[in-house]
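The values are calculated or read from the model by the stated rules, or taken from the named source; none is laboratory data. Bear in mind that the values here come from a model prediction, so they are computed numbers and not experimental data. Using ideal geometry, Cβ is built from the backbone for each residue, glycine included, and neighbour counts are taken over all protein chains shown.
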């Protein structure tokens, strides 16, 4: 994405390829059929065949060396299809690990986005039910642990392959520091923001299509301003979330130190922008799915219609990190420094 | 200023950064705290010294749509910097927009008469569009312009003619054909405000800014003051609104709000409160998104597009977010958030209270949120035209 805020030629190409790929290989019937686990091994095999698992890994490891901005384009396409494969987590883990089997996607890697408990337990790891390798923080160490995934997930809101994993059982290797973990988690926030933009955009399209076709009182419900105005707020959220995700991705590739000048609305710091992109896309996806579902009337909450699939994932995908309000506090720390005095006790943190 | 395509870059190119620094420098050297106070005392949101300084550096001409060196991009950057600095800019905004319209549809004679005074930072422009009974439905304007020999006689009344008391030029929407469909019977004029028959009455507002009601009694003008085509007033209005919405300020009003609130919150220790911190963070995010949406709008215009819908989306998002932010910060300030400018103990020296009064104005002026949502729903989302609207 350039300063005129359009996708680059390469990104336009990637978007075309992946949008077509997911439309062909992962219509929403695939997401539906994957429930309750939320993982489709056949789709993962297709993903593997096109070389997507390693496209963000460094070229020296045999990866595609794609920039974060290119990967955001990929995850947006994935989000539009709510494709039941943990590509967001795998892309991030593959950039850290770079081993041939992970780069090729022969083994599934994931990121524990919350630190391990003192007993070395990672709670509700995204793709924890299916990941062969889990990368995450244990104490102050970034570790990778290879162990057999449980293959099943506790029943959950998003039908996501969540599972608890052990940070100390299995083939464990220290691969980095807390700082490197935080960097990886920021990348995850940005790629997940891309996926949430996809959800928001698909939910808006579903809502608009329904409002045009559904007739009540002899006219399409989309001719009622109450419905029109509820939908009209959404494109700015979708577009804004996409722009912000791409700005964060751009910041993540820069070598210069970023700026955190909220007073002048001048923020180029990667970690701050990653939080912003994550939070705004979370909100955009929540609101787009909420309104779209609502304008479907009773069909919105009927299992047969797709909007409920999007609605649940819009909440389930980001909430594996934390309450968005607490993520706001982390952003505030980044922008204005940590709180001081007694109030600091209420601030969240992992220290 | 040309924007390179292709490379991934959210950092502005060096010449644009230099342009931005130049604007910041001019603001810092020209606008005093007294100038900013003055606008709140007089209600006239304009700073003549700033306009002249910008003109001396050629920055007004450079920003005028269609005339400037980099037009939409520089226009966006100029007004974004003015807005972030919270300096008086409403007068300049209308003047620059109308300069763009005159440049786009005006006759050579009109351009000679009008443009130098605007580009020199000397003259302001006011717009007579809304009427007492016609606001969002501008096409129902009833102010009449009737042929009289070679000229016209105008009679009627306009509302919200902001800056009429300070402006040299007036843009006036009139009805010239009673029989044509309502959008096709309108003609735009541009007139000197001292034309006999025009009177200006102040209208005071909750949001501090003074606006006006203007009255037109047998105002006689020549044909040379018709702006655009006779009965082509709606098209002229479209050009003006396309220039206005989205890039000329009004898209980052919560930046100075956050800056002033943040300074107060740090000084008082309120900044340590987690509820305060969460809301400050959310406002910072909305500010960032509003800036990106505005840059996107400007970029579409720079490529030759007419980003009316993108501008509408940005306007609704930014003004609604501003209302939310002003409401949050006033509440977070508690009773101190009620105190007005320079009262002892006022939160952020009273700026929080001032923003809480000003914010609701922004979701109305320049096109209400509802009118913009109509446009987005029908022209961007392709929803059917709503019942009750022609």
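The single residue among A:118, A:107, A:73 that is touching a residue at least 24 places away in the same chain (Cβ under 8 Å) and more than 14 Å from every other protein chain (Cβ to nearest Cβ) turns out to be A:107. Screening residue B:72 against (1) under 16 Å from the mean Cα position of the chain (by Cα); (2) at pLDDT below 90; (3) in a loop (DSSP other than H, G, I, E, B) leaves a single unmet condition, (3).
Whether a residue is at pLDDT 95 or above, within 14 Å of chain A (Cβ to nearest Cβ) and not in a helix (DSSP H, G or I) was assessed, and residue B:332 does not pass this test.
Here the stretch A:319-348 is the region considered, the condition is being closer than 17 Å to residue A:279 by Cα and either part of a loop (DSSP other than H, G, I, E, B) or away from chain B (no Cβ under 14 Å) (or both), and the residue that is modelled with the lowest pLDDT is A:348.
Here is the figure for the stretch A:255-296: residues that are within 8 Å of chain B (Cβ to nearest Cβ) and surrounded by fewer than 22 Cβ atoms within 10 Å (Cβ to Cβ) total 4. Highlighted here are the helices (runs of 4 or more DSSP H) found entirely within the stretch A:1-97 that include at least 2 residues which are in contact with a strand residue (DSSP E or B) (Cβ under 7 Å, 6 or more places away or on another chain): A:87-97. Only residues that are out of contact with any strand residue (DSSP E or B) (no Cβ under 7 Å at 6 or more places or on another chain), facing chain A (nearest Cβ under 8 Å) and either under 25 Å from residue B:160 (Cβ atoms) or at pLDDT below 95 (or both) were counted in the stretch B:381-390, giving 2. The single residue among A:95, A:15, A:24, A:48 that is in contact (Cβ under 8 Å) with a residue 40 or more places away in the chain and under 26 Å from residue A:288 (Cα atoms) turns out to be A:15. Selection within the stretch B:300-314: residues that are part of a loop (DSSP other than H, G, I, E, B) and either over 19 Å from the mean Cα position of the chain (by Cα) or surrounded by fewer than 22 Cβ atoms within 10 Å (Cβ to Cβ) (or both). The member of this set that is nearest to the other protein chains (Cβ to nearest Cβ) is B:303. Filter the stretch A:230-272 down to the residues that are touching a strand residue (DSSP E or B) at 6+ places or on another chain (Cβ under 7 Å) and touching a residue at least 60 places away in the same chain (Cβ under 8 Å) and list them by number. Listed by number, the residues that qualify are A:260, A:267, A:269, A:272.
When residue B:270 is tested against (1) within 26 Å of residue B:79 (Cα to Cα); (2) in contact (Cβ under 8 Å) with a residue 60 or more places away in the chain; (3) within 11 Å of another protein chain (Cβ to nearest Cβ), exactly one condition is not met: (1).
For the stretch A:276-284, the count of residues that are closer than 15 Å to residue A:231 by Cβ and outside any strand (DSSP E or B) is nonzero. The residues on offer are A:222, A:240, and the sole one that is part of a helix (DSSP H, G or I), over 26 Å from residue A:77 (Cβ atoms) and within 7 Å of chain B (Cβ to nearest Cβ) is A:222. Among the residues of the stretch B:91-143, write down those that are assigned to a helix (DSSP H, G or I), crowded, with 22+ Cβ neighbours inside 10 Å and either over 19 Å from the mean Cα position of the chain (by Cα) or on the phi > 0 side of the Ramachandran plot (or both). Within the stretch B:91-143, B:114 is the sole residue that qualifies.
One line per residue, one yes/no per condition, for (1) within 14 Å of chain A (Cβ to nearest Cβ); (2) over 30 Å from residue B:308 (Cβ atoms); (3) assigned to a loop (DSSP other than H, G, I, E, B):
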site: B:337; (1), (2), (3): no, yes, no
site: B:343; (1), (2), (3): no, yes, yes
site: B:349; (1), (2), (3): no, yes, no
site: B:359; (1), (2), (3): no, no, no
site: B:374; (1), (2), (3): yes, no, no
